[in-house]
Amino acid sequence: MEQNFDTKTVHLSQNKSKTISSKVTPIYQTSSFKFTDLEDLENFYQGKNDYLYTRVGNPNTDELGSAVSQLEGAPDGIATSSGLSAILAGILSVAKQGDHILASADIYGGTYHLLAYELKDFGIDVEFVDFSKIDLIEQKIRSNTTLLYSESITNPLLRVENLNKIVKTGEKYQLFTMIDNTFATPYLCRPFQSGIDLIVHSATKYIGGHSDVTAGVLVGREDLIQKARTKVINLGSNLSPFEAWLACRGLKTLSVRMERQSKNAQLLADALTNHPAVKKVYYPKSFSSKGKGAIVSIDITGLCDINVFFKSLKWIKIVPTLAGVETTVSYPLSTSHRALPPETQEKLNITEGLVRISVGIEDADDIIVSLKDALEKAYRG
Ligand SMILES: *Cc1c(COP(=O)(O)O)cnc(C)c1O
């Protein structure tokens, strides 16, 4: 019997072809997958069939997790709804109620919030310590400590973490180790190769690279990723297929973006060093032979009017994020680090003059001229 119009309307638009071979992965914008019969359905549970329901797994999100894990040289990876949900999934794969975590004091503000306040409600105790003094970490290890957590390049003051020391300490006391590699990206740093167990990315930043997607990726040891995958499924923190597809598209140009952006950042850091309006330039002294990352932070002197500086930036946008192809600036004190207690802000040098610059792919001279102009307008010295 021929279907009626209302039925046809629903079913005609469905692709029945198995022979279309598109050059790039299509977007599997579907909440579920279909099965021919009960045997076919049983095949999923037997592991012979990949997909059931998008919260449980989807080709686009799998592609992103797998791509980043391969770039990091890790055996497995998963994509999640945001950088923070990837951090949560990673932590819950190694820590439970009653456990204790040692985290670096100078981490991303959102991560601080998650660790200091939300994990506490889960009964997980997090202590923030100065990871630049590794001996102090050893003194803080307790019998219920399970994890050492830090960032490969810290935000916003760009301290380079000593991954080898973290791995050695982890091995000595049988602790898991986890590193946020967002600022460095696998182009510049692969913590898994140094022996770190779990590596997390806010794919919202350089992995996506175009400021049009919020996503996270967690890669690392196979047993831990398997546990984290279960957490993501049960907590519902999966990434949507379209966001995964966008992040994968961005990822293809990671190398060329990081190469140009790191080069521009070095030129900018050099140009602002010894500038009369700049008290201090934060940029790593050494990192990778391929570059030192694309974030430069500057502490502007009290002789500058910070409001005039931000108003005079012309084409450089003020945004509370980083890592897009355009040069942008942010003000950590009132955005990413606003959640920190004032005494912690002061201890971490998150001052009133601190500006974080995310250097883009534009012509380096244009970036330098624009920032120097804004500094000149703001300077009252
Ligand atoms: C942005 C960021 C995060 C959080 O990522 P979201 O995608 O916003 O959840 C975590 N760590 C670092 C270093 C970041 O820059």
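The values are calculated or read from the model by the stated rules, or taken from the named source; none is laboratory data. In this text the structure is predicted, and so the values were computed from the model without any measurement. Neighbour counts run over all protein chains shown; Cβ positions are idealised from the backbone, glycine included. In case anyone asks, the SASA skips ligands and DNA or RNA and just uses the protein heavy atoms, side chains included. Shrake-Rupley method; radii C 1.70, N 1.55, O 1.52, S 1.80 Å.
Asn274 meets each of the listed conditions (1) at pLDDT below 95; (2) within 16 Å of the ligand (Cβ to nearest atom) apart from (2).
Among the residues of the stretch 329-369, those identified as at pLDDT 90 or above, out of contact with any helix residue (DSSP H, G or I) (no Cβ under 8 Å at 6 or more places or on another chain) and open to solvent by 10 Å² or more (accessible area, probe 1.4 Å) are Asp363, Asp365, Asp366, Val369.
This table checks each residue for (1) within 16 Å of the ligand (Cβ to nearest atom); (2) hydrophobic (A, V, I, L, M, F, W, C); (3) out of contact with any strand residue (DSSP E or B) (no Cβ under 7 Å at 6 or more places or on another chain); (4) not assigned by TED's automatic domain parsing to the domain that holds Gly73.
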site: Phe192; (1), (2), (3), (4): no, yes, no, no
site: Leu198; (1), (2), (3), (4): yes, yes, no, no
site: Ala203; (1), (2), (3), (4): yes, yes, no, no
site: Asp212; (1), (2), (3), (4): yes, no, yes, no
site: Glu222; (1), (2), (3), (4): no, no, no, no
site: Val232; (1), (2), (3), (4): yes, yes, no, no
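Put simply, of Tyr187, Tyr206, Tyr149 the only residue that is surrounded by fewer than 23 Cβ atoms within 10 Å (Cβ to Cβ), closer than 26 Å to Asp62 by Cα and under 18 Å from the mean Cα position of the chain (by Cα) is Tyr187. Of all residues in the stretch 305-324, those satisfying the criterion of being open to solvent by 10 Å² or more (accessible area, probe 1.4 Å) and under 21 Å from Tyr379 (Cβ atoms) are Asp305, Ile306, Asn307, Val308, Phe310, Lys311, Ser312, Lys314, Trp315, Ile318. Residues that are within 16 Å of the ligand (Cβ to nearest atom), in contact (Cβ under 8 Å) with a residue 60 or more places away in the chain and hydroxyl-bearing (Ser, Thr, Tyr) do occur in the stretch 352-366. Checked against (1) of a type outside the set (Asp, Glu); (2) modelled with pLDDT of 95 or more; (3) outside any helix (DSSP H, G or I); (4) open to solvent by less than 30 Å² (accessible area, probe 1.4 Å), Pro156 meets all criteria but (2).
To keep it simple, each residue is scored yes or no on (1) in contact (Cβ under 8 Å) with a residue 40 or more places away in the chain; (2) open to solvent by 50 Å² or more (accessible area, probe 1.4 Å); (3) over 19 Å from the mean Cα position of the chain (by Cα); (4) closer than 30 Å to Tyr206 by Cβ.
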{"site": "Phe5", "(1), (2), (3), (4)": "no, yes, yes, no"}
{"site": "Thr9", "(1), (2), (3), (4)": "no, yes, yes, no"}
{"site": "Lys23", "(1), (2), (3), (4)": "no, yes, yes, yes"}
{"site": "Lys48", "(1), (2), (3), (4)": "no, yes, yes, no"}
{"site": "Leu64", "(1), (2), (3), (4)": "yes, no, no, yes"}
{"site": "Gln70", "(1), (2), (3), (4)": "no, yes, no, yes"}
{"site": "Gly77", "(1), (2), (3), (4)": "yes, no, no, yes"}
{"site": "Gly83", "(1), (2), (3), (4)": "yes, no, no, yes"}
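Of the strands (runs of 3 or more DSSP E) lying entirely inside the stretch 79-151, those containing at least 1 residues that are among the polar types (S, T, N, Q) and within 13 Å of the ligand (Cβ to nearest atom) are 100-104, 145-151. Residues that are within 20 Å of His210 (Cβ to Cβ) number at least 2 in the following strands (runs of 3 or more DSSP E) confined to the stretch 274-381: 328-330, 354-358.
When residues in the stretch 162-190 are screened for being over 16 Å from Gly220 (Cβ atoms) and more than 12 Å from the ligand (Cβ to nearest atom), 10 of them pass.
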